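Contents: one structure, followed by commentary.
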Amino acid sequence: MTDPATHLSPASRLNRAEVIIRRMRQDDLSQVAAIAAHSYAEPWPQESFRVELNSEVSQPVVAERAGEIVGFIVAWIVTDEIEIANLTVKETFRRRGLGRMLLTQVLALAQARQCATAYLEVRRSNWAARRLYESMGFNDHSLRSRYYGRTGEEAIVMQKKLTTASSFLREESNDGVV
């Protein structure tokens, strides 16, 4: 069955050419906040996203399709670490590869900035997100008890070691390739 709002069947993967991944802008904030409000019991308010636009450590990125914001990610790069603070895809576009596209974009940026490790928190019950993160090399690192206020659900902290260009070259030279 096709979703009339998107003209896509539920199993349709979006082609990377259909989506523009770019830095979040001021004029995106109302759409971003609306996606967050429809996705979470305790969403970030629009003002929080506005603050992220001006933060030196923040990397706010959106996925745009046909002029519509369909997902976003906010990540913080501090020293040699990146923390994924918020990754959200509009409900009608979930399970079509957008989360992977957004996460891939910020992880590439982190590697270019010589980050060694990526972290994120995810609800224990969010199996779809956990499967995505595991498929991208994240592993369970620790637990945060009663992390989510309204439900008291715990968060799983996941971690991924990143390979930077310089460490890749060192690894290659140790193998005698370089």
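The values are calculated or read from the model by the stated rules, or taken from the named source; none is laboratory data. Here the structure is a predicted model, which means the values were calculated and not measured. All Cβ positions, glycine included, derive from the backbone under ideal geometry; neighbour counts span all protein chains shown.
Within the range 1-17, being loosely packed, with under 11 Cβ neighbours inside 10 Å and either part of a loop (DSSP other than H, G, I, E, B) or at pLDDT 85 or above (or both) holds for M1, T2, P4, A5, H7, S9, A11, N15.
Which one is farthest from V106 (Cα to Cα) among residues in the range 84-94 that are aliphatic (A, V, I, L, M) and crowded, with 21+ Cβ neighbours inside 10 Å?
The first filter runs over the range 84-94 and keeps only residues aliphatic (A, V, I, L, M), leaving 84-85, 87, 89.
Next, from what is left, pick out any that are crowded, with 21+ Cβ neighbours inside 10 Å: 84, 87, 89.
On the way: I84: 9, L87: 11, V89: 15 Å.
The qualifying residue farthest from V106 (Cα to Cα) is V89.
For L107, state whether it is among the hydrophobic types (A, V, I, L, M, F, W, C) and modelled with pLDDT of 95 or more. When the stated conditions are applied, L107 passes them. Pairs under 6 Å by beta carbon, first residue farther than 16 Å from K161 by Cβ in the range 93-113, partner among the hydrophobic types (A, V, I, L, M, F, W, C) and in a helix (DSSP H, G or I), six or more apart or different chains? The qualifying pairs are G99/L132.
Would you tally the residues in the range 37-83 being out of contact with any helix residue (DSSP H, G or I) (no Cβ under 7 Å at 6 or more places or on another chain) and buried (at least 21 other Cβ atoms within 10 Å of the Cβ)? Number satisfying all stated conditions: 1.
Residue pairs whose Cβ atoms lie under 8 Å apart, separated by 6 or more positions or on different chains, with the first residue in the range 124-138 and at positive phi and the second assigned to a helix (DSSP H, G or I) and hydrophobic (A, V, I, L, M, F, W, C), do not occur.
Picking from R95, R100, R65, which residue would you name as being on the phi > 0 side of the Ramachandran plot and of a type outside the set (S, T, N, Q)?
Details: R100 fails: on the phi > 0 side of the Ramachandran plot; R65 fails: on the phi > 0 side of the Ramachandran plot.
After ruling out the rest, the residue left standing is R95.
Does Y147 satisfy being more than 19 Å from V78 (Cβ to Cβ) and at pLDDT 90 or above? No; evaluated as a whole, the condition is false for this residue. Take the conditions modelled with pLDDT of 95 or more, out of contact with any Gly (no Cβ under 8 Å at 6 or more places or on another chain), within 19 Å of R123 (Cβ to Cβ) and aliphatic (A, V, I, L, M) and apply them to A85. Does it pass? Against the criterion (modelled with pLDDT of 95 or more, out of contact with any Gly (no Cβ under 8 Å at 6 or more places or on another chain), within 19 Å of R123 (Cβ to Cβ) and aliphatic (A, V, I, L, M)), A85 qualifies. When D28 is tested against (1) surrounded by 13 or more Cβ atoms within 10 Å (Cβ to Cβ); (2) within 23 Å of F138 (Cβ to Cβ), just one condition goes unmet, and that condition is (2).
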